[in-house]
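Note sheet for the following structure.
The values are calculated or read from the model by the stated rules, or taken from the named source; none is laboratory data. Being a predicted model, the structure only gives us computed values, none of them experimental. Note that each Cβ is placed from the backbone with ideal geometry, even for glycine, and that neighbours are counted across all protein chains shown.
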Amino acid sequence: MASIVEAEGLTKVFNGNFTAVDHISFKVSEGEVFGFLGPNGAGKTTTIRMLTTLASITQGKASVAGYNVATEQDKVRQSIGLVPQDLTIDDDLKGTENLLLAAKLYHVPDAVAKSRASELLGLVDLKDAANRLVSTYSGGMRKRLELIVGLIHQPKLLFLDEPTLGLDIQTRTVMWNYIKRLNEENKMTLFVTTHYLEEADSLCHNVAIIDHGKIKVSGSPGELKQKLGGDVLEIAVNDGVDLTEFFYSVPGVKDVKKSDYTYRIKLPSTEEALPTIFEGISKKGLKITKVSFDKPSLDQVFLEVTGRSLRDQGQGAEDRVQRFIMRARTR
């Protein structure tokens with residue numbers, strides 16, 4: 001399938017010494033949902049800003065919809081839509097008015113704009129709120145309106161930067177359904193950045209895991225998880241004695257990672273190994289305080305390629321957002 005986005009050695013350096021994006025290369029196929037998965041500060045937004053012509057490229061090259069990002073910026077902008085992290089819709093305008101304003105900026109004829117606005121409002125179930133001021137909208141409604149503002153000029157490709165950041169899980173799931181419909185029913189190519197593991201797993205045909213400005217691994221969520229293979233056993237004991245060597249002696253164990261009294265063990269089958277593990281720990285006079293196991297997940301893929309869990313970092317970012325909201329409410 002033809003590529004609608006191509007990046008080769010894409011690099012962004014700020015102030016001459018901080019490399020936010022470090023020589024990344026990737027392709028996005030037309031018609032797919034492509035995900036950039038990584039923690040805050042990984043380089044996701046900076047990459048989108050370069051691809052959408054909002055930030056200059058320090059080194060490397062990129063094309064979007066067949067146009068050179070550095071030399072054909074106007075053509076790139078006409079071909080894409082962008083849903084940024086921060087809301088750009090106007091609270092003092094009605095829902096429909098926001099859409100028609102965006103249409104004017106893209107030189108969409110009035111008659112076409114009105115028809116398109118009505119269609120898009122129906123797509124995200126906002127027709128009943130079309131003539132209400134945006135200031136009366138809930139957070140989820142604002143996100144849905146922001147989504148369709150990026151579609152008013154019928155772009156070939158839509159960039160969504162953390163499209164569900166700050167939303168509760170129920171509203172987030174609703175947004176995922178709208179995003180899926182855009183891809184499945186309208187055959188639209190979507191480029192999504194996220195730090196939510198479930199979002200990448202649910203939405204994306206292909207994912208690139210990015211950390212500290214570098215792409216660590218890429219592929220479909222299924223392929224990435226399959227490469228890990230087997231089960232992941234997490235077991236904690238009541239003493240700090242190092243059991244790493246013991247775990248490696250258990251037949252089939254592929255990898256062991258220790259954190260304080262807790263071990264994460266990769267092995268083909270947890271059920272086959274547990275009797276040996278339990279017996280060995282008991283013989284050493286130790287007690288098991290926690291045991292759990294799971295099939296490979298995207299978080300385990302991230303842990304494998306970066307050495308740390310994205311789930312923990314994602315929760316921390318979410319906590320910071322919630323604390324900010326709480327502070328704002330008490331002012």
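Numbers for the structure displayed
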| item | result |
| --- | --- |
| Within region 276-293, tally of residues that are without any contact (Cβ under 8 Å) to a residue 24 or more places away in the chain and either within 23 Å of L228 (Cα to Cα) or among the basic types (K, R) (or both) | 1 |
| Given (1) assigned to a helix (DSSP H, G or I); (2) in contact with a Ser or Thr (Cβ under 9 Å, 6 or more places away or on another chain); (3) touching a residue at least 12 places away in the same chain (Cβ under 8 Å); (4) within 30 Å of L37 (Cβ to Cβ), index of the condition L158 fails | (1) |
| Considering residues of region 8-54 that are of a type in the set (G, A, S) and surrounded by fewer than 23 Cβ atoms within 10 Å (Cβ to Cβ) only, the residue nearest to T193 (Cα to Cα) | G41 |
| Any hit, region 291-309, residues being out of contact with any Asp or Glu (no Cβ under 9 Å at 6 or more places or on another chain), farther than 30 Å from F36 by Cα and at pLDDT 85 or above | no |
| Restricting region 1-35 to residues that are in a strand (DSSP E or B) and in contact with a Cys (Cβ under 9 Å, 6 or more places away or on another chain), the residue that is nearest to P163 (Cα to Cα) | G35 |
| Strands (runs of 3 or more DSSP E) wholly inside region 224-288 containing at least 3 residues that are in contact with a Leu (Cβ under 8 Å, 6 or more places away or on another chain) and of a type outside the set (A, V, I, L, M) | 262-267 |
| Any hit, region 217-232, residues being closer than 23 Å to T270 by Cα and among the β-branched types (V, I, T) | yes |
| I179 being more than 30 Å from L286 (Cα to Cα), crowded, with 18+ Cβ neighbours inside 10 Å and at pLDDT 90 or above | yes |
